[in-house]
Amino acid sequence: MRLGVLSDVHANRVALDAVLEDVPPVDGLVCAGDVVGYNPWPAECVAALREREVPTVMGNHDRAVAAGTTFRFNSMAGAGVEYARAQLPADALDWLAALPDERVVADGRVRLVHGHPDDPDRYTYPQEFGPELLGEEDVLVMGHTHVQAHRAYDEGIVMNPGSVGQPRDGDPRAAYAILDLDAVTVEERRVEYDVDRVAEAVREAGLPERIGTRLYEGR
């Protein structure tokens, strides 16, 4: 079984479209949360995952949009949450609100969380990866940091596919991964997309300009 692993789309339809076009033949897609936030296409990104019935967990931005709060967010994140809340139809908000903090897929072999197995809002960077994060699953998928990485241990794999819509590892290309459960391997992938188009759309939407310009830096 091969899975396309996504995370942190953050309402960047242009990056998501590029990733979906790039994905090789797989048996399905999964998403480790934060479908919305920051960028100006929350409804389109939610619709894309819903139409494909992608198993998805709740990210902190998803939770904030569904709950109608910007608690503890900086100005860019808060603006993205408010924008998404205003743009999303009721059924999309209901879909976000119903997302779980954790999912187990692929007959129990893959566990999806957003931040950390014990805390969905905790940032877990690659240097903090370790076999102790694994439970009964073969592969633990986390998001939240926007940093693409994976580590293989005797007990299984801990991975972050990186961010589709707002990478923060110094590489501006959209990030995702292919998980091969038969070979028990991870292929980290990057995709070029039209950042100019996103930056322009951010300005046109009245969102903070830095949301768009930081995409050029992969920060």
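What follows is calculated from the coordinates using simple rules that are stated; it is not laboratory data. Please read all numbers here as calculations on a predicted model, not as lab measurements. Positions of Cβ are backbone-derived with ideal geometry, glycine not excepted, and every protein chain shown enters the neighbour counts.
Remark: the Asp27-Asp194 segment gains 57.4 nm on full extension, using 0.36 nm per residue and subtracting the alpha carbon distance. Relative contact order of the chain, taken over Cα pairs closer than 8 Å and 6 or more residues apart, is 23 percent. Scaling against 2.2 N^0.38 Å puts the C-alpha radius of gyration of segment 62-219 at 1.12.
The packing ranking, built from the mean of other Cβ atoms within 10 Å per residue, places the peptides 57-66, 92-101 in the order 57-66, 92-101, highest first. For Ala106, no residue whose modelled amide H falls within less than 5 Å of its own remains once neighbours fewer than 5 places apart on the same chain are excluded.
With N residues in segment 1-130, what two-decimal value do you get for its Cα radius of gyration over 2.2 N^0.38 Å? Here the Cα radius of gyration is 1.02 times the empirical estimate.
In the chain, the longest principal axis of the Cα atoms and the axis of helix 13-22 are about 30 degrees apart.
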